[in-house]
Structures are given as C-alpha cells and as structure tokens.
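Asks: Attaching a single structure in structure tokens format; questions to follow.
The values are calculated or read from the model by the stated rules, or taken from the named source; none is laboratory data. Worth saying up front: this structure is predicted, and the values here are computed from it rather than measured. When we count neighbours, we look across all protein chains shown, and the Cβ atoms used for this are built from the backbone with ideal geometry, even at glycine. What goes into the accessible areas is simple: the full protein's heavy atoms, side chains included, and nothing from ligands, DNA or RNA. Shrake-Rupley method; radii C 1.70, N 1.55, O 1.52, S 1.80 Å.
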Amino acid sequence: ALFGEAPTPVAPEADGLARTYQEHIDLVYRYIYRRIANREEAEDLTSQVFLKAVRHLDSTRDALSVRSWLFQLAKTTLADHWRQYYKSPKVSLQLMTQDWPESAAADHRESGAAETLRQVLQHLPQHYQRVLNLRFLEGLSIKEAAAEMGITEGNVKVLQLRALRSAALKGRHLL
C-alpha cells in the first residue's frame, strides 16, 4: 500500500493460479517423473509447465479443462525436453571400435579412457554391442531399440542390463 492506503486485495486470477498450482503440482510432477525417472529434471520440467501456465492461464476454464490443459502443457514440455536432449551428436559403436589411425590413437592414449572403452566393447558379444549402441549412442528408446532389433521391449531391458554388467566387469579387468 502506498502512503497509508488500504492494501490492495489479491486479484482473483492470482488466487485462481495459486489454487490451480496447489491442486495439480503433485499430479503434474508424478506424470513427468514417470517419463523422466530423474527427480531434479522432473522438478525443473514441472516448474516450466507452471511457468507456461502463468503466462496463459484462462480464468474462465473449468477445473477439468484446466487439468487437461496442464497435462497437455506437460506433454509438450516433455517433447521439448527430449528434442533438446537428443540434439547432441551421436557416434556409432562400430566407428569407435574400428582400428583408429595411429595419429588418432596417439591423441586418445593420453587419457586411456577411449582405448579402454574400445577394448571393452570389442570383448562384448555382438548383441550386447548392438543394444548399447542403439540405446546410448544413437539415443533410441527401449521401444525403438526393440523394433530395430526385432525383439521385445523386455528383452531389450535384459540385454541392456547384461551388457552394462558385462562391460563393467571387462572394464575392471582391463584396468
């Protein structure tokens, strides 16, 4: 309040936004977390959803319409997140495991990590190499990797777990 004037009452829009936030924050967070499986990223994305809501909330919407709209915002926020996440360049496992020219190999010997990775991958069975390539280097989802390999999603999960375990064991032996 300025110069002793009475305080201005809270605008109905602000009250509606606070109520909408309180009613939906947990639902939106859980929706995003189930798709991200990372607490910090889910929190960040949930806050992005509500920042978008602040800019575009229509106070004339009913509660069901607001809920549907918030979940649509969550879907598009997730889509934007994954689009940005997968923009990073991907490298094929075959390229990493091929014999490197002497100059490139010399550059990588300093750290030793790239050489160790190459050795570990060469010692893995072909199907383990393929699942790791599809999932982590090409960035395919479990569903996409399953379609590419012609196996079930459950089989991709099992292969991925076994490949990672095998790679970890082989990496320990090479160090």
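Asks: Run down the lysines and flag those whose C-alpha is under 24 Å from the C-alpha of Lys87, throwing out any fewer than 8 positions away in its chain.
Replies: Lys52, Lys75, Lys143, Lys157
Asks: Another one. Using the Karplus curve 6.51 cos²θ - 1.76 cosθ + 1.60 with θ = phi - 60°, what ³J(HN,Hα) values do you get for each residue of the range 124-136, in whole Hz, with x for Gly and Pro?
Replies: 8, x, 4, 5, 5, 4, 5, 5, 5, 4, 4, 6, 9
Asks: Students sometimes get this wrong: rank Arg39, Arg135 by accessible area, probe 1.4 Å, all chains present, largest first. Display every interim value, and only then the final one.
Replies: Details: Arg39 125, Arg135 50 Å².
Final ranking, largest accessible area leading: Arg39, Arg135.
Asks: Using a 1.4 angstrom probe on the protein heavy atoms only, line up Tyr31, Tyr85 by accessible area, largest first. All intermediate terms of the calculation are to be shown ahead of the outcome.
Replies: Details: Tyr31 25, Tyr85 120 Å².
Greatest to least solvent exposure: Tyr85, Tyr31.
Asks: On to the next question. Note the full-extension length gain between Arg30 and Val54 as 0.36 nm times their separation in residues minus their Cα-Cα distance, in nm to one decimal.
Replies: Values: separation 24, 0.36 × 24 = 8.64 nm, distance 1.98 nm.
Contour length minus Cα-Cα distance gives 6.7 nm.
Asks: Show Glu23, Glu138 ordered by accessible area, largest first, where the area counts protein heavy atoms only and the probe is 1.4 Å. Walk me through the intermediate numbers first.
Replies: Working: Glu23 100, Glu138 80 Å².
The ordering from most to least exposed comes out as Glu23, Glu138.
Asks: Still on this structure, I have one more. Of Thr46, Leu70, Thr60, which is farthest towards the positive pole of the range 36-80's charge dipole, taken about the Cα centre with +1 and -1 on the beta-carbons of Lys, Arg and Asp, Glu respectively?
Replies: Farthest along the dipole direction, towards plus: Thr60.
Asks: How long is the gain from Arg67 to Gln22 if the chain were fully straight, where each residue apart is worth 0.36 nm and the alpha carbon distance is subtracted? Mind showing how you got there, number by number?
Replies: Working: separation 45, 0.36 × 45 = 16.20 nm, distance 1.19 nm.
So the chain would gain 15.0 nm between Arg67 and Gln22.
Asks: Just to verify a number: what accessible area does Phe71 come out at with the full protein assembly present, 1.4 Å probe, Å² rounded to tens?
Replies: For Phe71, the solvent-accessible surface is approximately 50 Å².
Asks: With the crude spin-label approximation of a point 7 Å out along Cα→Cβ, what separation in nm comes out for Glu153 versus Asp80?
Replies: For Glu153 paired with Asp80, the spin-label model returns 2.6 nm.
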